[in-house]
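The values are calculated or read from the model by the stated rules, or taken from the named source; none is laboratory data. The structure displayed is predicted, hence computed values, not measured ones. In this analysis, Cβ positions are derived from the backbone assuming ideal geometry, glycine residues included, and neighbour counts consider all displayed protein chains. Each accessible area value is taken on the protein alone, full model and side chains, heavy atoms only, with ligands, DNA and RNA left out. Shrake-Rupley method; radii C 1.70, N 1.55, O 1.52, S 1.80 Å.
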Amino acid sequence: MGILREDVVLISPAEKAGDPTVISVNCPDKTGLGCDLCRIILLFGLSITRGDFSTDGKWCYIVLWVDGKTNTRWDLLEKRLLEVCPSYFSTSGIDYYRPVNQQPRQLDVFLLKFWCSCDRKGLLHDITRVLFDLELTIKRVKVSTTPDGKVMDLFFITDSRELLHTNERRGQTILHLKTALGDVLVSCEIESAGLEITACSQGTLFLPSTINEDMFSLELPARHPGGLLASNPISVTVDNTLSPSHTLIQILCQDHKGLIYDTMRTLKDYNIQVSYGRFFAKRKGGCELDLFIVQADGKKIVDRNKQNALCYRLRMELWRPLRVAVASRGPDTELLVANPVELSSRGRPLVFHDITLALKNLNTHIFSVEIGRHMIRDREWEVYRILLDEGDSCRVPRNKIEEGVRKMLMGWE
């Protein structure tokens, strides 16, 4: 039997090893609902292998087949999915559609600060993993290593459960960190981060001009004569002949972690509604998407310029959903990772988790970290600046670091 609550979200566990878990969502519709659901599934580290979306404009039915993990907390996933589904009662009023890019309610920010007696391989990833398991979201990080090898970490975090103001929740967090870090942890404190402390944590707004030009370019690479991109072939086509009321977007591309989320967030940012959609991931790594869409006014897209702009944006977002580069920062080596922020101000889940895991696998230590948001070319980006330990970065070639981090982020490991 599935896990049922008010018939809104139904999770049917896999019948045997290797089978997917089936997630069904049946609720009032809103523009961007598919994006919100796929973001949560990505946050839980699950991969969507197949999907069906359908709506009549007021009510929607979504079925997603996902590859689960043995430690997936399905009850918690159900709860998080329910939180983004509109209420049954929202269909009774004329104003049941919320603004598509409405800003999420701001959660209180807390400062987690601790000292470690020494640095070690994977220390930062172990911390990140504990916070992820506790549903504590990292907003910013200030990590530094003293000359004698001690580590001081400042994590600015929010609590999805909204309980971090209580002594019980703080004590639980500190206990989990002590268990994970052992004798390395010297001290650990959690306090409310006031506006002044939060403002001081923003870090430098300066980004090297060469990084700006290369990392945040909105130009697609050269094409083969056949019309596909030179790397990671992507085909996005428009068809207005198959439906009298909808525009069909067909996408053929290589699968990657969060592909459905990247597609849906792009459509959400364009305020486009998916009336019917189908997604299928092939065994050899390719995937197909058929999406019947309408604009905010409920009409198909007939303007050729709008069609071309949407197709171009989809190709760009699916070709490079994240930007990765390794550069020099004075005499040191710096890893930079950037991802676009939704217009609703939500960032991509698990980016810092995957970066630290990749560096742990590469046996590369982290000297310091800065996480901040930057407006570049009229888009908001979440930028991770990670200064690598000089000794380690000399042993691992820069191209290997860039390749390893990119593969981890894209799910190609």
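Across segment 1-12, the qualifying residues are those that are modelled with pLDDT under 90 and in contact with a helix residue (DSSP H, G or I) (Cβ under 8 Å, 6 or more places away or on another chain), and the one among them that is least open to solvent (accessible area, probe 1.4 Å) is Ile3.
The set of residues in segment 57-73 that are without any contact (Cβ under 8 Å) to a residue 40 or more places away in the chain, under 15 Å from Gly34 (Cβ atoms) and open to solvent by 20 Å² or more (accessible area, probe 1.4 Å) comprises Trp59, Tyr61.
Okay, residues lined up against (1) among the hydrophobic types (A, V, I, L, M, F, W, C); (2) under 18 Å from Asp108 (Cα atoms); (3) touching a strand residue (DSSP E or B) at 6+ places or on another chain (Cβ under 7 Å):
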| position | (1), (2), (3) |
| --- | --- |
| Arg140 | no, yes, yes |
| Val143 | yes, no, yes |
| Pro147 | no, no, no |
| Met152 | yes, no, yes |
| Phe156 | yes, yes, yes |
| Leu164 | yes, yes, yes |
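Only a single item in (1) crowded, with 18+ Cβ neighbours inside 10 Å; (2) part of a loop (DSSP other than H, G, I, E, B) is not met by Phe156, and it is number (2). You will find that of Pro331, Pro321, the residue that is of a type outside the set (Ser, Thr, Tyr), at pLDDT 90 or above and either over 18 Å from His256 (Cβ atoms) or crowded, with 18+ Cβ neighbours inside 10 Å (or both) is Pro321 and no other. When Val22, Val84, Val109, Val100 are checked against the criterion of being open to solvent by 20 Å² or more (accessible area, probe 1.4 Å), out of contact with any strand residue (DSSP E or B) (no Cβ under 7 Å at 6 or more places or on another chain) and at pLDDT 90 or above, a single residue qualifies: Val84. When you scan segment 371-389, do you find a residue that is farther than 20 Å from Met215 by Cα and not hydroxyl-bearing (Ser, Thr, Tyr), even just one? Within segment 371-389 (the criterion being farther than 20 Å from Met215 by Cα and not hydroxyl-bearing (Ser, Thr, Tyr)), the answer is yes, since at least one residue qualifies.
Take the conditions (1) touching a strand residue (DSSP E or B) at 6+ places or on another chain (Cβ under 8 Å); (2) touching a residue at least 40 places away in the same chain (Cβ under 8 Å); (3) among the small types (Gly, Ala, Ser); Gly32 misses just one of them, which is (1). Leu37 passes every criterion in (1) at pLDDT 95 or above; (2) of a type outside the set (Lys, Arg); (3) open to solvent by less than 20 Å² (accessible area, probe 1.4 Å); (4) over 26 Å from Val351 (Cα atoms) apart from (4).
Where strands (runs of 3 or more DSSP E) sit wholly within segment 6-87, those with at least 3 residues that are in contact with a Ser or Thr (Cβ under 6 Å, 6 or more places away or on another chain) occupy 59-67.
Only one of the numbered conditions (1) buried (at least 16 other Cβ atoms within 10 Å of the Cβ); (2) without any contact (Cβ under 8 Å) to a residue 12 or more places away in the chain is not met by Val294, and that is (2). Please specify each residue of segment 377-413 satisfying the condition of being open to solvent by 20 Å² or more (accessible area, probe 1.4 Å) and of a type in the set (Val, Ile, Thr). Listed by number, the list holds a single entry, Val396. Restricting attention to segment 118-133, the residues that are within 14 Å of Lys178 (Cα to Cα) and open to solvent by less than 50 Å² (accessible area, probe 1.4 Å) total 7.
Being in a helix (DSSP H, G or I), at pLDDT 90 or above and under 16 Å from the mean Cα position of the chain (by Cα) holds for only one residue in Met408, Met316, and it is Met408. The residue that is farthest from Gln273 (Cα to Cα), among those in segment 16-45 that are touching a helix residue (DSSP H, G or I) at 6+ places or on another chain (Cβ under 7 Å) and of a type in the set (Gly, Ala, Ser), is Gly34. If you go through segment 326-346 and keep only what is small (Gly, Ala, Ser) and more than 18 Å from the chain's Cα centre (by Cα), you end up with Ala327, Ser328, Gly330. Just one of the numbered conditions (1) free of Cβ contacts under 8 Å to residues at least 40 places away in the same chain; (2) in a helix (DSSP H, G or I); (3) surrounded by 16 or more Cβ atoms within 10 Å (Cβ to Cβ) is not true of Lys306; which one? If we test Lys306 against (1) free of Cβ contacts under 8 Å to residues at least 40 places away in the same chain; (2) in a helix (DSSP H, G or I); (3) surrounded by 16 or more Cβ atoms within 10 Å (Cβ to Cβ), just (3) comes out false. Here Arg265 fulfils each of the conditions (1) open to solvent by 50 Å² or more (accessible area, probe 1.4 Å); (2) basic (Lys, Arg); (3) in contact with a Cys (Cβ under 7 Å, 6 or more places away or on another chain) apart from (1). In the condition set (1) assigned to a helix (DSSP H, G or I); (2) more than 22 Å from Leu43 (Cβ to Cβ); (3) open to solvent by less than 70 Å² (accessible area, probe 1.4 Å), Lys142 is compliant with all but (1).
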